[in-house]
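See structure below.
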Amino acid sequence: MIAGIDLGGTKIAASVANESGVVARARMPVPRSGDDRAIARAMLALVDDCCRQARLSSDALQAVGVAACGPFEGQAGQLASAAPNLCGGLSPESGLPNRWMRVALEAPLREALGGRPLALANDAQAALFAEHRFGVLRGVSHGAYLTWSTGIGVGLMLDGRLVRGKSGNAGHAGHSMVPSAQLLRSRCGCGNEGDVESLAGGAALARAWGGETEDLFNAYRLGESAAGGVVGCALDAIADLVYNLFVTLDLERVAIGGGLFCSHSDLLLPALRARLFESDRYPGMRGMLAGASVVAVSDPSRTAELGALCLVLPESWQPRWSAQFPAEAVAAIAA
Ligand SMILES: [Zn+2]
């Protein structure tokens, strides 16, 4: 029996699974106050809840995988999250009711688990792992997973290996700078002005639109020009980021997930493909884009859940788990 925990900016989701698949799930909003171990305590309580649902003792857990929003920082030699949307101490404008500079993760979780294995990864890296094992990146050795949601993050695989980086933070490309139109120029939670997330993240879109992103996309679907300007600028920024990934890393495929993207992938995916492969936006390096593809994941919640579990999924469970995700169905999504 294994557990997976997904820590996002607004919610924590946990699941417990055996060799046949997921047997219990629980979720709750992310705690915003208390000490900087409050989130880790909530994660453990959710796992206990899952174990109760499955009528198991939490002692039966063999390993726990945690996918968490980053960036990670060391805290007394163990990984902690310094995510701007969790830590009120990082930015006075955040409005969060805490003064945390980082959220303790590895230390309290290891204490609770005793000597049992704990694997901790950035959420986009974990999602990449899930899509590589069961989803639209199956069989791809050089690929990226891009989450387009409230924030923007990337998981990278090169030569068949997950890229972690010197501090587990490889892929924070949402904070890379792009020369997109200045229409939406605003400050990102990380402090940058004009990075991809400040132009295309859900929070930035809501700010630029002056309302909910759902209203923005409704207006976009109706052809309102103001909405077209805001969404177009975001698409430019994401397309620039994807182009940069293709030419920097020589990738075969980029898979895009995240709640914002998946809710509107019928519009956003063709618009991205047109910018990347059909327009003259990028006249250079066409050869590196030849044969490359951009695809949508099927279900962002499933990707997040599988991502955390994949971090500790025993190799021997893989065949039975793979049978739940038939390759033909995945290929149809990727087409
Ligand atoms: Zn940023």
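The values are calculated or read from the model by the stated rules, or taken from the named source; none is laboratory data. Since we're looking at a predicted model, the values are computed, not measured. Don't worry about glycine lacking a Cβ; one is built from the backbone with ideal geometry, like all the others, and counts go over all protein chains shown. Keep in mind that these areas ignore ligands, DNA and RNA; they rest on the heavy atoms of the full protein, side chains included. Shrake-Rupley method; radii C 1.70, N 1.55, O 1.52, S 1.80 Å.
Tabulated values for the structure
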| item | result |
| --- | --- |
| Order by protection proxy (mean Cβ within 10 Å, highest first), peptides 32-40, 79-87 | 79-87, 32-40 |
| Loop-located GluC sites (Glu not before Pro) in region 176-249 whose Cβ has at most 16 other Cβ within 10 Å (DSSP) | E212, E224 |
| Cα-centre dipole for the chain with unit charges at Cβ (Lys and Arg positive, Asp and Glu negative), debye to 20 | 440 |
| FRET efficiency estimate (nearest 0.05) - Cβ-Cβ, R138 to T248, R0 30 angstrom | 0.80 |
| Of all accessible heavy-atom area on region 137-296, the percent that carbon and sulfur account for (1.4 Å) | 51 |
| Neighbourhood net charge (13 Å Cβ-Cβ; Lys/Arg +1, Asp/Glu -1) for D36 | +2 |
| Pairwise centroid distance, computed over Cα atoms, of region 197-244 with region 264-299, Å | 17 |
| Helix runs (DSSP H) in the chain reaching 18 Å along axis by Cα, Kyte-Doolittle at least 0.5 | 38-53, 225-249 |
| Percent RCO, i.e. relative contact order, over region 137-296, from Cα pairs under 8 Å lying at least 6 residues apart | 25 |
| Two-decimal Rg/Rh across region 254-335, once Rg and the Kirkwood Rh are taken from alpha-carbon atoms | 1.06 |
| Region 119-180 versus region 35-78: alpha-carbon centroid distance in Å | 22 |
| Percentage relative contact order, region 1-120, counting C-alpha pairs under 8 Å, at least six apart | 25 |
| Rounded FRET efficiency, nearest 0.05, which uses the C-beta distance separating A323 from S279 and R0 of 56 Å | 0.85 |
| Candidate residues M28, M177, M1: accessible-area rank, largest first, probe 1.4 Å | M177, M28, M1 |
| Relative contact order, percent, the chain [alpha-carbon distance under 8 Å, six or more residues apart] | 19 |
| Label-to-label distance, nm, for residues given as M28 and A45 (7 Å Cα→Cβ offset) | 0.3 |
| Low-density loop cleavage sites - trypsin sites (Lys or Arg not before Pro) in region 109-169, where at most 10 other Cβ are within 10 Å (DSSP) | K166 |
| Pairs of alpha carbons in the chain whose separation is greater than 27 Å (percent) | 44 |
| 222 nm mean residue ellipticity, helices alone, for the chain (DSSP H n ≥ 4; -39,500 (n - 2.57); rounded to 500) | -11000 deg cm²/dmol |
| Pairwise FRET efficiency - Q78 versus D35, Cβ, R0 = 22 Å, nearest 0.05 | 0.85 |
